[in-house]
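Have a look at the structure below, then the notes.
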Amino acid sequence: MWHLDPPVHDPRDSWETCTSTSRDTLNNAGLGSRLRQAADVAQKAAEAYRAAAESRTLHDLDPAAFKIDGIPDRTVSGIVYESGMRDGPGRAIYDELMDTPEDDLCPLCRHSLATELDHVMPKADYPALCVAPQNLVPVCGICNRTKNSRAPREADKVLLHPYFDRAGHANWLDASAIPGSQGRLMYHVTAPPVWDSVFADRVAHHFAFFDLATRYGSRANNILTGMRLLFAEQLADTGPAGLRVHLEKLARSHFAHDLNSWAAVAYRAWAADDAFCEGSFAATPSNEPRQSSDAPLDRYK
């Protein structure tokens, strides 16, 4: 959802590093050597993956073309990624990838800290990509567990790729105050008119898939809880017009850093709400339900 500069690590070097300590034993039929000899396969797989990501056709990739011949998928990912990268000689690559996000935030949500590496195309089905750097994205545990091992099958349901998709050049995140709720917000996507329909559908799907409406609404409510006294003092000193100007300034400051900052959108929504600027944030809330996702999401099939 938020762009990261693509890794510069060579996929062949990554594969060779992560298989460098794989051993041949009497019982594994030269497994270590066979994995090292698969470097060409891994490089070609990474090239095909990159081409698909750049052309937005990841959903067309056939898992059968991303196998290591004669070696079970789980064996490949277990040795090359688990033992070779995460817990082995490729750990330096792993750590460099984890250090990429600005402010240490997950690029899929910009809500939680990035603490894990996600395989965009899952290693269980695409083992030749298990240590391809551009297939590895630092994400938070919430997004990683939500995505799990699903691969896209439809063009309009491909989750946004932080290395190859750019959705941050225009403001698409929006919100409005829920009437009678003391300023609780309902977040939603408003696609810029310059977006093509498939990309707009992908952004909307990404937003719903990771339940960002609920996650951002919770953050905004926490901010509001801590700011109510300040807002009340501003209202008493300058009236509704002064509070609106104050909120607009806060929004501009956050927008200067991120056009789709949930905090910027919150301040803008409060500034645009007449009732809020007149003090509804301090009133007793009605029985308005807490924000939740619109409808059960049909995830990847």
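The values are calculated or read from the model by the stated rules, or taken from the named source; none is laboratory data. Given the structure is predicted, the values throughout are model-derived calculations rather than measurements. Cβ: placed from backbone, ideal geometry, glycine included. Neighbour counts: every protein chain shown. Accessible surface is based on the protein model in full, side chains and every heavy atom, while ligands, DNA and RNA are left aside. Shrake-Rupley method; radii C 1.70, N 1.55, O 1.52, S 1.80 Å.
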Please determine, in degrees from 0 to 90 and to the nearest 10, the orientation of helix 262-272 with respect to the longest principal axis defined by the Cα atoms of the chain, where the helix direction is its Cα long axis.
20 degrees
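Could you tell me the relative contact order of region 143-196? Use alpha-carbon pairs under 8 Å, at least six residues apart, and round to a whole percent. Could the numbers behind the result be given before it?
Details: 30 pairs, mean separation 12.6, N = 54.
The value is 23 percent.
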At 7 Å along Cα-to-Cβ for each site, give me the label-to-label distance between Ala241 and Asp10 in nm.
6.6 nm
Amide H contacts under 5 Å for Thr115, restricted to residues at least 5 apart in sequence or on another chain and with H modeled in the peptide plane, are Val139, Cys140, Gly141
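Cα-Cα pairs above 35 Å in the chain: how many percent?
Numbers: 14238 of 45150 pairs.
Taking all Cα-Cα pairs of the chain, the fraction more than 35 Å apart is 32 percent.
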Kindly identify region 1-46 as rounded, prolate or oblate by the Cα gyration tensor criterion: order the square roots of the eigenvalues as a ≥ b ≥ c, call it rounded if a/c is under 1.5, otherwise compare a/b with b/c, prolate if a/b is larger, else oblate.
prolate
Using Cα springs under 10 Å in a Gaussian network model of the chain, which residue among Val158, Val76, Val194 shows the largest mean-square fluctuation?
Val194
Using Cα springs under 10 Å in a Gaussian network model of the chain, which residue among Asp24, Asp125, Asp165 shows the largest mean-square fluctuation?
Asp24
Between Leu235, Leu97, Leu58, find the one with the highest GNM mean-square fluctuation for the chain; connect C-alpha pairs within less than 10 Å.
Leu235
222 nm mean residue ellipticity, helices alone, for the chain (DSSP H n ≥ 4; -39,500 (n - 2.57); rounded to 500)
-13000 deg cm²/dmol
Relative contact order for the chain: what is it in percent, counting Cα pairs under 8 Å that are at least 6 residues apart?
19 percent
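Go ahead and run the numbers for FRET between Ala64 and Glu248, Cβ-Cβ distance against an R0 of 51 Å, rounding to 0.05. Walk me through the numbers before you get to the answer.
Values: r = 55 Å, r/R0 = 1.07.
Approximately 0.40, to the nearest 0.05.
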At a threshold of 8 angstrom on Cα-Cα distance, excluding pairs fewer than six apart, so keeping six or more, what relative contact order does region 63-202 reach in percent?
20 percent
Whole-angstrom gap from region 1-71 to region 142-187, using each part's C-alpha centre:
29 Å
Unpartnered cysteines - no second Cys beta carbon under 4.7 Å - across the chain
Cys18, Cys109, Cys130, Cys143, Cys277
Accessible area per residue, Å², the chain with all protein chains present, probe 1.4 Å
47 Å²
Using only the alpha-carbon atoms, how far is helix 39-54 inclined from the longest principal axis of the chain? Give it as 0 to 90 degrees, nearest 10.
30 degrees
Using the Karplus curve 6.51 cos²θ - 1.76 cosθ + 1.60 with θ = phi - 60°, work out ³J(HN,Hα) for each residue of region 225-230 in order, rounded to whole Hz, and write x for Gly and Pro.
4, x, 9, 4, 5, 4
Between the helical axis of 197-209 and the dominant principal axis of the chain, each derived from Cα atoms, what acute angle in degrees is found, rounded to the nearest 10?
80 degrees
